[in-house]
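The structure appears right after this line, and notes come after that.
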Number of protein chains: 2
Amino acid sequence: MRLATSRDGSRDGRLLVIRRDGEAALDAGHVARSLQDALDRWEEVVPSLRALSATLDAGDVDGVPLDPAALAAPLPRAYEWVDGSAFLHHVRLVRRARGAEPPADLGDVPLLYQGGSGVLLGPTDDVPLPDPAMGLDFEGEVCCILGDVPAGARAAGSAPHVRLLCLANDLTFRNLVPAELARGFGFFQSKPATSFSPFALTPDELGPAWRDGRVHLPLTVRWNGRVVGTADAGAMHFSFFQLLEHAARTRAFTAGTILGSGTVSSEDPGAGWSCIAEARALEMIESGRAQTRFLAAGDTVEIEMRDGQGRDLFGRISQRVVAAGEGS
Amino acid sequence: MRLATSRDGSRDGRLLVIRRDGEAALDAGHVARSLQDALDRWEEVVPSLRALSATLDAGDVDGVPLDPAALAAPLPRAYEWVDGSAFLHHVRLVRRARGAEPPADLGDVPLLYQGGSGVLLGPTDDVPLPDPAMGLDFEGEVCCILGDVPAGARAAGSAPHVRLLCLANDLTFRNLVPAELARGFGFFQSKPATSFSPFALTPDELGPAWRDGRVHLPLTVRWNGRVVGTADAGAMHFSFFQLLEHAARTRAFTAGTILGSGTVSSEDPGAGWSCIAEARALEMIESGRAQTRFLAAGDTVEIEMRDGQGRDLFGRISQRVVAAGEGS
C-alpha cells in the first residue's frame, strides 16, 4: 500500500491512497484525516486503507489523476526526525576531507542526530538558499516512519515498529557544519527543513528488497538532470532495526517518528554519490582541492528509487533551489 | 491566563483553563480539544479561552477541583523541543569540571540543541532510571511555547511569537554525555524524555517579571525535600528572543515548538544550583573530587516558581525516580 498527503490548507494535509501505477489517487480522509491520524490509530485503520488501495488497483474506482505538485511531505510536520549516519563510507570520506577523525567506535555504535521536524518540505517544494556561502548540499536517504516504540526496544523483533518507508533529501549547509559540531551540541543551523518523497509505502510493497531492516535497491540521485548517484541503499552498515535500538535505549518514541538512514553511500566508485560533499571529499583526497561546487539558485535535485522491474516506488523528489535573502 | 492538559486517554490530552488560585480548572475542550489544537488556531481561540478564564476567576462557575496527578505535560507530544544553554555560568562550570573547553564564542553565539519531543513527561510522572551508572541528573529550566515562526525571524519584534511560558525538568544522563558530544552529533541517549510543569502561562500572567525576553524570578529546585537552588531565571545571558533568532536562521518553526533556556544558573553561591552537575563541578574545582551523588531510585525532585507575592505560577513539577531495567 502506498500513501501520500495532499495539501488542503490544513497543517497536516489530507490522506491519499495511491494507485499501483502512481497515476491516480483516492481520498482516504474519511478513514483517517491525515497520515499522522492514521499512524495514531494504525491497527484500526489499516484494513480500511488496504481495502481502498485494492479497490483502486482493481480499477473498481477511477480515483483522481495525481498531481505531484499538490503533494506535501507524507508528514508535513512530524513529532520527531531522527537521522542516522549508517553508511560508514560516507562518514569516513566526509570527515577525512574536513580533517576530522571519525569516532573510534564508528563500526560498533550508530551515529544518530535529532533533526528538526516541525516544518518538513514536500517533494516538489523549492529549497531556499539564504546565502550561497553556506554551501548547500543535498543528501539522498531512505527513511522509516515508525509506530509507537517503547523505551528499551531491541533490534530483534522491531520489524513491526516500521509502519512505512519513504525517501528524504536531507538538505545540509556544509559550511556551517564544522563550527556547529566543534561546539559539541550537534547540527542546528546547518540542517534546514528536510524534504520527503511523494509516497510512503508499507514495507510489503518492496517484496524481498526489504529484508534485514534494509532497503536493497539503488537510490538514483540527479543534479541538474544528470545522474550523479546510484548507490545501493542496502549497504547500510547498521540496519534500521539497529538504529532503532540505539535511539530507544533511554526513551520511547511516539507513532509518526521518522528514522533516517543517513546519506546512501557506496565504496564502488561507479555508483557515484548521493551528496556533493562526497564528490568534493574524493577530489580533496585525489588532488588536494575540491572542485565541484555546492548548490546554486536555479539548480535542480531529483531523488527516486525503482524496483527491479523499473517501477518508481516512492515517487520522485524533484526540487529547485531558489535564492532567499537571509532575514527576508 | 493559565492553561493545562488533563489525561483523557488520548495522545494529546484535553485542554483546561486554570483558576487564579490554582485549585480548580474548567474544561476548555469545546474551544480547542488540546493545547496543540489551540496553538494551531491561537488568534481564533484565545478570546474564548480568556473568557472562560475570567468566568472561572470571577467565581461565576465553580470549575472542578484540580488533581495535579491527572495532568500531563501541557504538550504531551510536541513538534519540536529546542533547548538552549543560555546561562553561561552553567556551561563554564560543567565543562571545566569535565576538562572540556567552552566554545571560544560562548558569549556571542547561543548554544542550542534539538531535543526529542515525541514523548514528554507530565509534572508528576515517575522518572525511569535504567542504570544508576548513567548518572541521572535534573535540570531546572524555563521554556517558551512558540507560535509559528518564519525562517529568518529576528530577536527584535519576536515577542508575539511567545505564546506561553512553562517550566521544565530537562533530565540528563551525565555519564553518557562526554562520549556522545565527542562523537560530534550532540546529545541523544544522554537526554531521556523531558518533564514539564503543570501550567503554561500567557506572558501577561507574569506582569513586569516578563521583560526583555527573560523571566525575572527565582526558580526553586528541591531534591528530596531540601531546597538546593533558588537561582534567578532572569540572569540568562541570551534572551529567549535571541535564542529564537539563532534557531530560526535557516528554517521555520511550527506552532507548539518549545524553546528552553537551559539550566538556570547563578554565579551567586547563595543561590545554589538547579542541577547536580553544578554541585559536583564546584566540588571538583574546590577539592578535586565530586562528592554529591547523582539521582537514585526513590529520590524526589521538585521545581517551581513563585512571584513576589508568593503565588505559585506554573504549578509544581514533583517527580520520583524509579528503577527501570534496561530493555524492560
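Coordinate-derived values only; no laboratory data. Only a predicted model underlies this, so the values are computations on that prediction, with no experimental measurement involved. Positions of Cβ are generated from backbone atoms using ideal geometry, with glycine treated the same way; all protein chains shown enter the neighbour counts.
The residue of the range A:169-201 that is farthest from A:SER34 (Cα to Cα), among those that are polar (S, T, N, Q) and more than 7 Å from chain B (Cβ to nearest Cβ), is A:ASN175.
Restricting to the range B:234-269, name every residue that is more than 15 Å from A:PRO192 (Cα to Cα), in contact with a Lys or Arg (Cβ under 7 Å, 6 or more places away or on another chain) and either surrounded by fewer than 24 Cβ atoms within 10 Å (Cβ to Cβ) or within 14 Å of chain A (Cβ to nearest Cβ) (or both). Hits for the range B:234-269 are B:GLY234, B:SER239.
Going by the structure shown, is B:GLY99 surrounded by fewer than 18 Cβ atoms within 10 Å (Cβ to Cβ) and on the phi > 0 side of the Ramachandran plot? Considered against the rule, which asks whether it is surrounded by fewer than 18 Cβ atoms within 10 Å (Cβ to Cβ) and on the phi > 0 side of the Ramachandran plot, B:GLY99 comes out as yes.
Step by step: first the residues of the range B:74-115, then only those that are without any contact (Cβ under 8 Å) to a residue 24 or more places away in the chain and of a type in the set (Asp, Glu), then the one that is farthest from the other protein chains (Cβ to nearest Cβ). Which residue is that? This residue is B:ASP108.
Of A:VAL45, A:VAL31, all but one fail to be touching a helix residue (DSSP H, G or I) at 6+ places or on another chain (Cβ under 7 Å), without any contact (Cβ under 8 Å) to a residue 24 or more places away in the chain, surrounded by fewer than 18 Cβ atoms within 10 Å (Cβ to Cβ) and over 21 Å from A:ILE317 (Cα atoms); the exception is A:VAL45.
With respect to the conditions (1) in contact with a strand residue (DSSP E or B) (Cβ under 8 Å, 6 or more places away or on another chain); (2) more than 10 Å from every other protein chain (Cβ to nearest Cβ); (3) farther than 20 Å from B:GLU80 by Cβ, B:PRO208 lacks only one, and its number is (1). Inside the range B:166-200, residues that are touching a residue at least 60 places away in the same chain (Cβ under 8 Å) and in a strand (DSSP E or B) make up a count of 8.
Candidates A:GLY315, A:GLY310, A:GLY260: the one that is in contact (Cβ under 8 Å) with a residue 12 or more places away in the chain, of a type outside the set (S, T, N, Q) and on the phi > 0 side of the Ramachandran plot is A:GLY315.
Of the set (1) more than 14 Å from chain B (Cβ to nearest Cβ); (2) assigned to a loop (DSSP other than H, G, I, E, B); (3) among the small types (Gly, Ala, Ser), all apply to A:ALA156 but (1). If you filter the range A:137-153 down to residues that are at the interface with chain B (Cβ under 10 Å from one of its Cβ atoms) and not acidic (Asp, Glu), you find that the one that is surrounded by the fewest Cβ atoms within 10 Å (Cβ to Cβ) is A:PRO150. Can you tell me which residues in the range A:301-328 are surrounded by fewer than 16 Cβ atoms within 10 Å (Cβ to Cβ), away from chain B (no Cβ under 14 Å) and under 17 Å from A:SER195 (Cα atoms)? Passing the criteria: only A:ARG320. Reported count of residues in the range B:279-300, each being without any contact (Cβ under 8 Å) to a residue 24 or more places away in the chain and surrounded by 14 or more Cβ atoms within 10 Å (Cβ to Cβ), is 2. In the range A:2-15, the residues that are more than 14 Å from every other protein chain (Cβ to nearest Cβ) reach residues that are of a type in the set (Asp, Glu) and in a strand (DSSP E or B) with C-beta atoms within less than 7 angstrom, at least six apart or across chains, in these pairs: A:ARG14/A:ASP27.
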